[in-house]
Amino acid sequence: MSPSSPRALRLDDVGAASKRHEVYGTTRIRVGPLALPFPGNFLFLKYIPPVKRWGPYRELTAEEWERILAVLEAAGARMTIGVTAGWVEADGRIVPFPRKFPEAAGVIRGAVDRGLLEVANHGYTHCVLAGRRFLPRLFSGNRTDHREFHDWLPDATHRDHVARAQAILQDFLGRPVVTFVPPGNVFGRATLAAAAEAGCRYVSCLDPGRWGAVPGLTFVDDGDVLALHDRDIVCGGGVAVLDRLVAGRDRAFVTVAELGARLEEARR
Ligand SMILES: [Zn+2]
């Protein structure tokens, strides 16, 4: 893509319980030119800024979503949101996103109907469920287990998770979901096959083409996407953060599906 091409805007981790369970601390601390080992994953330390690196943080509220939509509308921009379709409770139960966060979900659905938001499949759990490995630990971080589509998981798990997420999101929106965003940029050939099988057409992440071409899928590399996390808004200064990124651009941001459709067209 040329530098003047429109870029897509994407916000991930909506509805992902990793914001609750993914807890790890910094393990190096900078002192002048040295990076010294630091026990950032020891007990409570990993929960305290600046040692704390990811969670816990809260979900965006319906009111914040209203303000996000106002910011997008004012800028003439549209945005894709990567929604993790199932919220993983501490006991391992999975609650569908629209049931866990009904108010936020209602605002999101309205925005999809108005064409302001695209909802992408950002997995079913965002994490590995086996053995409750997603829960925070006493003496170590758990970042690896907050990636859902590791290559070492059985193919059936890839298929099952992609399809369940797709079913929840499509049922909720009453329309097809066409973009897949693998949690944490981790996925294998089985994940891509599952995404194509479930009706996805676009894969959006860092280096989405790493396993080679897949019939029916168009890769939208993060080089053409401004990719954010809900954490950037919740912990990074509120909706004003988004406003600074989208306002006053010559070319307004589009959704990943819109950009993907242009890439698909250009290939023909
Ligand atoms: Zn994510």
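The values are calculated or read from the model by the stated rules, or taken from the named source; none is laboratory data. Note that the structure is a prediction, hence the values are computed from the model and not measured. So basically every Cβ, Gly included, is an ideal-geometry build from the backbone, and we count neighbours across all protein chains shown. Surface areas here come from the heavy atoms of the whole protein model, side chains and all, with no ligands, DNA or RNA. Shrake-Rupley method; radii C 1.70, N 1.55, O 1.52, S 1.80 Å.
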| Condition met for Thr191 (within 16 Å of the ligand (Cβ to nearest atom), within 18 Å of the chain's Cα centre (by Cα) and open to solvent by less than 10 Å² (accessible area, probe 1.4 Å)) | yes
| note | Over region 251-268, the set of residues β-branched (Val, Ile, Thr) and touching an Asp or Glu at 6+ places or on another chain (Cβ under 8 Å) is Thr255, Val256
| In this structure, does Arg189 turn out to be more than 24 Å from Ala74 (Cβ to Cβ) and of a type in the set (D, E, K, R)? | yes
| Of all residues making up region 108-139, the number that are more than 20 Å from Cys200 (Cα to Cα) and outside any helix (DSSP H, G or I) | 11
| task | Could you please give the count of residues in region 181-217 that are assigned to a loop (DSSP other than H, G, I, E, B) and either in contact with a Lys or Arg (Cβ under 6 Å, 6 or more places away or on another chain) or on the phi > 0 side of the Ramachandran plot (or both)? | result | 6
| said: So His150 ticks every box in (1) within 16 Å of the ligand (Cβ to nearest atom); (2) in a helix (DSSP H, G or I) but one. Which box is left unticked? | reply: (2)
| said: Looking at (1) among the acidic types (Asp, Glu); (2) away from the ligand (no atom under 16 Å from the Cβ); (3) in a helix (DSSP H, G or I), which one does Asp250 not meet, given that it meets all the others? | reply: (3)
| Residue count, region 194-209 (criterion: open to solvent by 20 Å² or more (accessible area, probe 1.4 Å) and either aromatic (Phe, Trp, Tyr) or within 19 Å of the chain's Cα centre (by Cα) (or both)) | 7
| message | Show me the helices (runs of 4 or more DSSP H) found entirely inside region 1-107 where at least 2 residues are crowded, with 19+ Cβ neighbours inside 10 Å and at pLDDT below 90. | response | 18-21
| task | Provide a single number: the residues in region 169-188 that are among the small types (Gly, Ala, Ser) and within 16 Å of the ligand (Cβ to nearest atom). | result | 1
